[in-house]
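To keep things clear, I will list the structure first and then write my remarks on it.
FYI, it's all coordinate maths here, none of it is from the lab. It should be emphasised that the depicted structure is a prediction, and the values quoted were computed from it without experimental measurement. No Cβ is skipped: glycine too gets one built from the backbone with ideal geometry, and neighbour counts run over all protein chains shown.
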């Protein structure tokens with residue numbers, strides 16, 4: 001039957017579904033059989049129960065939205081039990097419209113088949129579900145700024161960041177990411193579908209979708225089929241009558257029949273019928289020929305236009321899907337970073353390690369790459385490494401901390417990394433380490449421990465001798481340069 005998910009927990013794998021009668025059912029992950037979608041609140045679904053009323057099979061409905069020009073509406077969804085039944089209802093409505101067009105059209109005077117759905121509108125309708133998801137997310141992520149993550153490249157590192165966060169902080173569950181993960185899952189499925197079918201045959205889509213939705217074309221096809229059947233009937237009758245006339249002629253010529261006059265009357269009637277049906281067939285044949293020409297012209301006119309537009313639109317939707325994947329992944333990464341800045345367990349574990357980057361997917365990428373031989377990277381890792389270097393050079397701001405108190409050191413590190421996802425922190429443990437860092441790197445800010453008294457002044461003097469003359473120098477406690 002048809003229903004809607006009211007709530008669902010990815011952590012427990014348990015949710016609640018309601019049907020058209022507002023009856024409540026429990027959904028368990030064992031009953032969810034849909035590789036394309038994760039169950040999420042608000043999703044329209046198709047499900048089946050056993051005799052005890054427990055759900056044994058559930059999946060996302062093919063109908064997740066109903067455009068204004070759709071033949072069916074959401075109320076039809078609730079009045080039907082299955083997607084198959086809803087599709088049948090949609091076909092019934094379309095057939096009724098075609099019949100109306102058929103009855104109201106004079107096919108004897110028809111010169112051209114009009115479009116009831118333009119090529120552009122037809123293609124947009126074909127990609128309705130994908131475009132709806134993209135347009136909805138575009139509004140949701142309109143404030144996301146560069147840089148955008150490359151989701152296809154960063155997927156595993158984003159997942160690692162989430163898994164580590166959930167594992168480390170027991171107050172954070174996977175459910176908090178459910179909406180974002182569902183969006184990524186939908187987009188990822190769409191992307192995979194596009195990539196796997198990149199060589200899709202537009203002519204097949206033209207035949208199976210475009211022509212099927214051209215109602216005037218379908219009505220004309222129906223008229224042509226009707227004419228063919230009527231002409232066939234007339235020709236069959238004519239052939240039968242001709243056969244009968246030949247038999248009668250044979251009987252008359254044989255002079256074995258006594259009642260020749262009655263045969264001649266019958267022969268006359270047969271010839272009249274032949275002429276009558278032949279006369280009826282002629283305009284039908286002319287009309288049928290005209291309809292065949294019109295149908296052929298319609299296909300020849302719109303087929304190349306559709307094929308070109310479809311290929312172009314296919315690539316546009318693919319590009320939009322990739323961009324939306326990157327936006328969605330960036331939003332998720334930002335969310336993970338924000339949660340990490342508020343997580344005490346992460347403060348007490350992750351930030352106390354010798355890791356310079358903020359808690360985000362790029363840092364997990366760096367942790368993976370640092371253990372690899374950079375001269376022997378495979379193509380995917382080489383691409384990821386190059387992306388990381390570009391990201392680091394363009395967006396990262398590096399800060400240097402040199403203090404003599406471990407607690408203060410960790411506090412400053414967390415503070416800096418909580419101000420921006422792009423902030424990285426290097427800790428100097430000795431004077432030699434400090435001098436090496438300021439000579440070899442450019443820092444956005446340098447934190448010094450003012451309790452080092454006159455030694456602090458020496459460090460500041462040395463900083464000004466390097467390429468860090470523009471770096472903000474912060475003494476703790478505050479001491480103006």
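What nm value, rounded to one decimal, do you get for the distance between residue 185 and residue 159 when each label is placed 7 Å out toward the C-beta? For residue 185 paired with residue 159, the spin-label model returns 1.3 nm. Between the alpha-carbon centres of the range 358-404 and the range 203-254 there is a gap of 73 Å.
For the range 2-81, what does the alpha-carbon gyration tensor say about shape, rounded, prolate or oblate, given a ≥ b ≥ c as the root eigenvalues, a/c under 1.5 as rounded, and a/b over b/c as prolate? Because a/c hits 1.5 or more and a/b exceeds b/c, the range 2-81 counts as prolate.
Computed over the Cα atoms of the chain, what is the convex hull's projected area averaged over all directions, in nm²?
Details: hull surface 154.7 nm².
Result: 38.7 nm².
Give the separation of the Cα centroids, the range 134-181 to the range 2-52, in Å. Result: 24 Å between the Cα centres. Report relative contact order for the chain in percent, whole number only (criteria: Cα-Cα under 8 Å, sequence separation at least 6). Worked out over the chain, it gives 14 percent. Relative to the dominant Cα principal axis of the chain, helix 178-196 is inclined by about 60°.
So how much slack lies between residue 193 and residue 28, counting 0.36 nm per residue of separation and subtracting their Cα-Cα distance, in nm? If you can, show how the numbers build up before the last one.
On the way: separation 165, 0.36 × 165 = 59.40 nm, distance 2.71 nm.
Gain in length upon complete extension: 56.7 nm.
Mind checking the full-extension length gain between residue 377 and residue 289? Use 0.36 nm per residue of separation minus the Cα-Cα distance, one decimal, nm.
Details: separation 88, 0.36 × 88 = 31.68 nm, distance 6.68 nm.
Extra length from residue 377 to residue 289 when fully extended: 25.0 nm.
With each pseudo-label sitting 7 Å past Cα toward Cβ, what's the residue 208-residue 21 distance in nm, one decimal? If labels sit at residue 208 and residue 21, their model points lie 3.7 nm apart. Working note: 222 nm ellipticity from helices only, DSSP H runs with n ≥ 4, each -39,500 (n - 2.57), summed and divided by the residues of the chain, gives -19500 deg cm²/dmol to the nearest 500. Shown is the FRET efficiency for residue 244 and residue 296, computed with R0 = 45 Å from the Cβ-Cβ distance and rounded to the nearest 0.05: 0.75.
Rounded to the nearest 0.05, what FRET efficiency do residue 233 and residue 136 give with R0 = 51 Å and r taken as the Cβ-Cβ distance? Could you check?
Plugging the Cβ-Cβ distance into 1/(1 + (r/R0)^6) gives 0.40.
Using Cα atoms only, what is the angle between the long axis of helix 260-341 and the major principal axis of the chain, expressed in degrees (0 to 90) to the nearest 10? The angle comes out near 0 degrees.
Between residue 386 and residue 458, the FRET efficiency estimated from the beta carbon spacing at R0 = 45 angstrom works out to 0.70. Label positions at residue 81 and residue 225, each projected 7 Å from the Cα along the C-beta direction, are separated by 2.9 nm. According to the square roots a ≥ b ≥ c of the eigenvalues of the Cα gyration tensor, what is the shape class of the range 71-137, taking rounded for a/c under 1.5, prolate for a/b larger than b/c otherwise, and oblate for the remainder? Oblate shape, in that a/c is at least 1.5 and b/c is the bigger or equal ratio.
Pulled fully out, how much extra length does the chain show between residue 255 and residue 106, if you take 0.36 nm times their separation in residues and subtract their Cα-Cα distance?
On the way: separation 149, 0.36 × 149 = 53.64 nm, distance 5.16 nm.
This chain segment gains 48.5 nm when fully extended.
Going by average Cβ neighbours within 10 Å, how do the peptides 242-252, 23-33 rank, with the highest at the top? Display every interim value, and only then the final one.
On the way: 242-252: 13.5, 23-33: 15.3.
Most protected by this proxy first, the peptides run 23-33, 242-252.
For the chain, the longest principal axis of the C-alpha atoms and the axis of helix 151-168 are separated by about 60°.
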